[in-house]
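No value in this document is a laboratory result; all are computed from the given coordinates. Just so you know, these numbers come straight off a predicted model, no measurement behind them. So basically every Cβ, Gly included, is an ideal-geometry build from the backbone, and we count neighbours across all protein chains shown.
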Amino acid sequence: MRYAKFFSFTTLLFMAGLISCDSGEDDDDFLGNWVEMSDFEGFRRSSAVSFVINDVAYVGTGFNGDEDEYYQDFWRYNVNQNFWQRVDSLPGVGRSAAVAFSIGEFGYVGLGFDGDDELGDFYRYNSATDEWTQIADFGGSARRNATAFALGGRGYVGTGDDGNTLKDFWEYDPATDSWRQIPSLGGSKRENSIAFVIGDFAYVGTGSDNGALELDFWRFDPTILADSDGFPWVRMMDLDEEDDYEIIRENATAFTMGGLGYIVAGVRGSVTSSVWEYDPVTDLWIEKTPLEGAARRDAVSFSVGNRGFVTTGRTGSSYFDDIWEFEPFEEEDEDD
């Protein structure tokens, strides 16, 4: 396994000696197993969104290049029964490259691209009534390829592309149905990045600006926002700390389980299926078994309890509807 950490010269010499004494070791034998589940029941698509409410996952919107169609439909997935069911469609126009997050009993979806324009509208889904309600438009500019997460009962949306690459961030308060701008993400502007939440912190990284992949990785602490002079972003270890690291990418997907974060697939020159696991305690990364399905970009992922899933996405003109569950500490079994 490869770790995102510097080693001393003495340590490197020691490791080299071990490898020379055991030439039969396979350093590409990563830990983790992927299990194929029941296919996503909607049309194949990429650039969809997902959120989770009460251990039920919801997947919707997106784009199918074969039909030049932008979707509004939504589906919920019961992971215990491995069962998909259609729910109420998103109001407004069909879209791709939107964002989503959930707070309590509600899911929130907004922004994106409808084939002609970037979008700034936002909607709330009531899981108890299976109904959508339009809420306040996003506080920043209409955009696509942004990133979002929820933490402490509030939603956070930022970065993306409104014709220019962006790094601003906005906080949504569901109690007042209002947005306010907060300090921008530290470091570079970006689009097509990932975000995930572990404990009391959110983490944002990857993505690109002006065709260059971004290597900086940031932790967000919402409690610092209570201090008007506080800066809530802390830079963590960069994603290229060793020459052979392959974490930097764009159009990836990410989820968390068991207190660890996972970045899956995406684009780094070409489409990849590689998987990396993040430990927030040590600020270290470990490479895991690649996604067993086709390499892809613009997939969605979600975690329910201590289970993580990846579905949809595309490679070139091929769009996917398969869904895979990741078992991070099992040995790979290609026959399951």
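Estimated at 0.36 nm per residue, the fully extended path between Asp238 and Phe329 surpasses their Cα-Cα distance by 30.3 nm. Summing Cβ point charges (Lys, Arg +1; Asp, Glu -1) relative to the Cα centre of the chain gives a dipole of roughly 1160 debye. Residues whose amide H lies under 5 Å from that of Ile53, counting only those 5 or more places away or on a different chain, are Tyr58; hydrogens are built 1.01 Å from N in the peptide plane. Excluding the site residues themselves, the longest part of the chain lacking any trypsin sites (Lys or Arg not before Pro) in a DSSP loop with at most 16 other Cβ atoms within 10 Å is 6-336. For region 302-312, backbone phi angles converted through the Karplus equation (6.51, -1.76, 1.60; θ = phi - 60°) give residue-by-residue couplings of 6, 10, 10, x, 10, 10, x, 9, 10, 8, 6 Hz, Gly and Pro being listed as x.
On full extension, the segment bounded by Asp173 and Asp321 gains 49.9 nm, given 0.36 nm per residue less the C-alpha separation.
The phi-based Karplus calculation (6.51 cos²θ - 1.76 cosθ + 1.60; θ = phi - 60°) puts the 3J(HN,Hα) values of region 233-238 at 9, 10, 6, 9, 4, 4 Hz, whole numbers, x for Gly and Pro.
Comparing mean-square fluctuations of Gly316, Gly261, Gly160 from a GNM of the chain with C-alpha springs under 10 Å, the top value falls on Gly316. Taking the C-alpha atoms only, the angle from helix 9-21 to the longest principal axis of the chain is near 70 degrees.
Scanning residues 5 or more positions from Arg45 or on other chains, those with amide H under 5 Å from its amide H are Gly313, Phe320, with H placed 1.01 Å from N in the peptide plane. Given their separation in residues at 0.36 nm each and the Cα-Cα distance between them, Asp116 and Asp88 gain 7.6 nm when the chain is fully extended. Across region 69-79, rounded Karplus estimates of 3J(HN,Hα) from the backbone phi angles (6.51 cos²θ - 1.76 cosθ + 1.60, θ = phi - 60°) give 10, 9, 9, 10, 5, 10, 9, 10, 10, 8, 5 Hz, Gly and Pro being marked x. Put a dot 7 Å past the Cα of Thr282, heading toward its Cβ, do the same for Ala212, and the two dots end up 3.1 nm apart. Dipole magnitude for region 59-191: computed about the Cα centre from +1 point charges on Lys and Arg Cβ and -1 point charges on Asp and Glu Cβ, it is near 660 debye. Look at (i) -0.42, -1.09; (ii) -0.36, -0.95; (iii) -0.51, -0.99: the one that is log10 I(q)/I(0) by the Debye sum over Cα atoms at q = 0.08, 0.13 Å⁻¹ derived from this structure is (ii). Amide H to amide H, with H built 1.01 Å from N, Thr253 comes under 5 Å of Val264, counting only residues 5 or more places away or on other chains.
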